[in-house]
1. Only one of (1) in contact (Cβ under 8 Å) with a residue 12 or more places away in the chain; (2) open to solvent by less than 10 Å² (accessible area, probe 1.4 Å); (3) in contact with a strand residue (DSSP E or B) (Cβ under 6 Å, 6 or more places away or on another chain); (4) farther than 25 Å from B:PHE62 by Cα is not met by B:GLY236, so which one is it?
2. Look at region B:70-108 and say how many of its residues are touching an Asp or Glu at 6+ places or on another chain (Cβ under 8 Å) and without any contact (Cβ under 8 Å) to a residue 40 or more places away in the chain.
3. Got at least one residue in region B:411-423 being free of Cβ contacts under 8 Å to residues at least 60 places away in the same chain, of a type in the set (Phe, Trp, Tyr), open to solvent by 20 Å² or more (accessible area, probe 1.4 Å) and within 11 Å of another protein chain (Cβ to nearest Cβ)?
4. Has region B:190-198 got at least one residue that is facing chain A (nearest Cβ under 8 Å) and either without any contact (Cβ under 8 Å) to a residue 40 or more places away in the chain or charged (D, E, K, R) (or both)?
5. Name the helices (runs of 4 or more DSSP H) wholly within region B:139-249 that hold at least 2 residues that are over 21 Å from B:ARG298 (Cβ atoms)?
6. Looking at region A:1-35, which of the residues that are part of a helix (DSSP H, G or I) and acidic (Asp, Glu) is surrounded by the most Cβ atoms within 10 Å (Cβ to Cβ)?
7. Among (1) facing chain A (nearest Cβ under 9 Å); (2) in contact (Cβ under 8 Å) with a residue 40 or more places away in the chain; (3) of a type outside the set (S, T, N, Q), there is one condition B:CYS442 misses while meeting the rest; what is its number?
8. With the requirement that a residue be touching a helix residue (DSSP H, G or I) at 6+ places or on another chain (Cβ under 8 Å) and aromatic (Phe, Trp, Tyr), what does region B:1-28 give you?
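The values are calculated or read from the model by the stated rules, or taken from the named source; none is laboratory data. This structure is a prediction, so every number in the text was calculated from the model and none was measured. Note that each Cβ is placed from the backbone with ideal geometry, even for glycine, and that neighbours are counted across all protein chains shown. SASA here: full protein model, heavy atoms, side chains in, ligands and nucleic acids out. Shrake-Rupley method; radii C 1.70, N 1.55, O 1.52, S 1.80 Å.
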2 protein chains.
Amino acid sequence: MNEKAISALREVFGERLKTSLEDRICYSYDATMKEFLPDAVAFPLTAEEVRRTVLLANEHRFPVVPRGAGSGFSGGSLPVRGGIVLSTERMDRILSIDTQNLVAVVEPGVVTETLKEEAKKRGLFYPPDPASLKFCTIGGNLAECAGGMCAVKYGVTRDYVLGLEAVLGTGEIVRTGVYTVKGVVGYDLTRMLVGSEGTLGIITKATLRLVPFPESVATLLAFFRASEPGARAVAGMVEARITPCALELMDRTAIDCVRKVVDLPVPDGTGCALLIEVDGPESSVSREADRVEEACRRYGAIEVRRASEASGRETLWTLRRSISQAIRQVNPVKINEDIVVPRSRLVEMFAFLAGLAERKNLKIVNFGHAGDGNIHVNVMISGTDEEERRRADEAVEEVFRKTVELGGTISGEHGVGISKAPYLEMEVGPLGVSVMKRLKKCFDPNGILNPGKIFLEEPAVRA
Amino acid sequence: MNEKAISALREVFGERLKTSLEDRICYSYDATMKEFLPDAVAFPLTAEEVRRTVLLANEHRFPVVPRGAGSGFSGGSLPVRGGIVLSTERMDRILSIDTQNLVAVVEPGVVTETLKEEAKKRGLFYPPDPASLKFCTIGGNLAECAGGMCAVKYGVTRDYVLGLEAVLGTGEIVRTGVYTVKGVVGYDLTRMLVGSEGTLGIITKATLRLVPFPESVATLLAFFRASEPGARAVAGMVEARITPCALELMDRTAIDCVRKVVDLPVPDGTGCALLIEVDGPESSVSREADRVEEACRRYGAIEVRRASEASGRETLWTLRRSISQAIRQVNPVKINEDIVVPRSRLVEMFAFLAGLAERKNLKIVNFGHAGDGNIHVNVMISGTDEEERRRADEAVEEVFRKTVELGGTISGEHGVGISKAPYLEMEVGPLGVSVMKRLKKCFDPNGILNPGKIFLEEPAVRA
């Protein structure tokens, strides 16, 4: 970025524009642990400031990279071609929670947990629950269409968006969607923006749908000898028309990781665990839990633990909640993937993953939202062995090919960003890529919005 | 359309291309009762035939108008500029119902009720239930993003689409979306096509999400003295976190209409009725029904009837189900609108509608999906009195203005088509229109797909 651009930006943001190396380093990485230094960072307070930035970017041709909390796993918020990072962290107001119509209006910088808690205080539920919910933001969730544990019953971020305000790559501020449950007036610009990873527009406000907070919850933790019977139990529950609000699977390697860090009582011979949660009216929850337990035992569970009080439930959650941190402690470098297969193909996928780990001589830790077929495949590497890195990259590509072959998708909730850009065409085909590029061109003709994401080659704007 | 185009089409369709006046008349109207004669009608069997038609349309510049069952209320399937109607009625195969993954794959001509019944046989539920479900088709439902009674709990057609195959205006056959519950790879082309009324692409296959069929249902019919307490009861239920699977309101004029045609026992002094249905696990349904009854009484219900057996439930539904036909018998010409307001504003909207009817000296019959704020406003006219027609048109415009003022939308489930095209800008603003037109251009550069819909002026292709 040239001096002229920087000084024009200074006019927009004043003290809220940062160009020191220290500030720029703070906004140079995300959860992928990759680093790209931006030329500047700014903290907009209004859509108008975002608009002015985008107009300047079109004039001076520099990249504009929107950023929530930088908790993404696909590099969506990384300034891979420099330019300015627009951190939405100061646009963090909940503008309204309408308890009469079950609607919230928020700025993009609101932390997901904050919204969930404010809704809960009013007896309402904002379901999306990405693992990073304590610090990630609604804006980032919208840009990546974040999922989480409860997607198996409640769906993902997309399913809770009624309308948006966003600044397109042209600098136009659009207001999309509605404030009501239904609405079919013109094209669905709302869902075009959701999941577009900041490449079509920068979201500056969101109208979100809330639902009544579930009356009651029961949690179960079931232990199996191996992933296969565990995966069969998952498919069995889906086929038995049980709709849990969480259905998480941890394989042997994941459980081993956690046990290295936390002292957890696990039955002898455990090679897989399922964490299952059911919610709903009090009168039906315990019966649903019975059905879950029955299904687990039918598929060979060694032991099933169960709790419906808060503290007991928390204990059961410990295993699942400790995984990410445990992995980090045991093996700091990992390639974290996010595949989804039809739930009936989970058994096949787990068998494939076990074989792959052996064949490639790699440690692969698998866990995730098995209830919707979404598995986080973590290939553990030393980070210093180049030959190992090559084997790991090959393994990831094999995982993606197998996923697509089984009728699945290479990203359930992390998005494409930079990590999956090389594989986009594998899933959507050359025509899909071409249609998406046309769409990009239509909303960001100069390619100034978050360049280098989703697509491998793109009309390059570089600062 | 010129002879050359017709004979090229004959090569594609053979005997399945119809050009006789009789055949063309059959495909010249829809539920708006407006008529526009196409130049030809064809019955494609494959996406490839649709593609060849679109390529010829680009070459010879004639409109291509996809058509489901012609049950739409906004004119989406009318060939307003002539050209060829592509009736998807022979692409009517259910390709699979996957009971392991709760997914159905269907051709666009499948009748909605057929899919619902086939799913039900397998313990599964395809929720969207537009009033015309006995004859309307999935393709039409997708194109218009149809809603229905159960949208209040289950959402609309959009919420059940996982992926699509469609022929774009360029003749490209795209495959969008996934076969899994989650998926965030690239832009959401699936939802861009849903609700686009055949103006961006012609849907040739759909992958749909199914859910477990609800175990148990209870139906209640509550009578109130007037719309105001009825509307208050609706808002009260929403605020009390009750989530019915149907919450329908009929005002005094609607009830009067039905009673002219069907002999129904209605309590003295009835001026409004609510039909409420709750579903879920057997253990919780009767308690939910208690809560509904309690809420109705709290807001002044004169009487509340209740049933959970099939025959008793059907009796309670008679009033609601008879409305459309009764209106047609009592007053054949009506302007049927489809507004949505935030549920807390229903009281205000009903008061406005009563005042408007008086002020404009018009009979306005109101009923609909009050649970999501969606009211079908029917302005009854003789059809022969021009001055009355003018007053009715003015009234409709006033209804739309009030709707937007209350934070609502001018179409909840019927779409824009031709009937709401003049009001599109009122809701989405000039910028919204401009962005949507750019999107249109991007997917249908020559404007051959269903021209004259959604937008008032458009690069005109006319046969």
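1. The number of the failed condition is (3).
2. Of the residues in region B:70-108, 4 are touching an Asp or Glu at 6+ places or on another chain (Cβ under 8 Å) and without any contact (Cβ under 8 Å) to a residue 40 or more places away in the chain.
3. Yes, the conditions are met somewhere in region B:411-423.
4. Within region B:190-198, one or more residues are facing chain A (nearest Cβ under 8 Å) and either without any contact (Cβ under 8 Å) to a residue 40 or more places away in the chain or charged (D, E, K, R) (or both).
5. B:151-154, B:189-193
6. Per the criteria, the residue is A:ASP23.
7. It is condition (2) that B:CYS442 fails.
8. The one that is touching a helix residue (DSSP H, G or I) at 6+ places or on another chain (Cβ under 8 Å) and aromatic (Phe, Trp, Tyr): B:PHE13.
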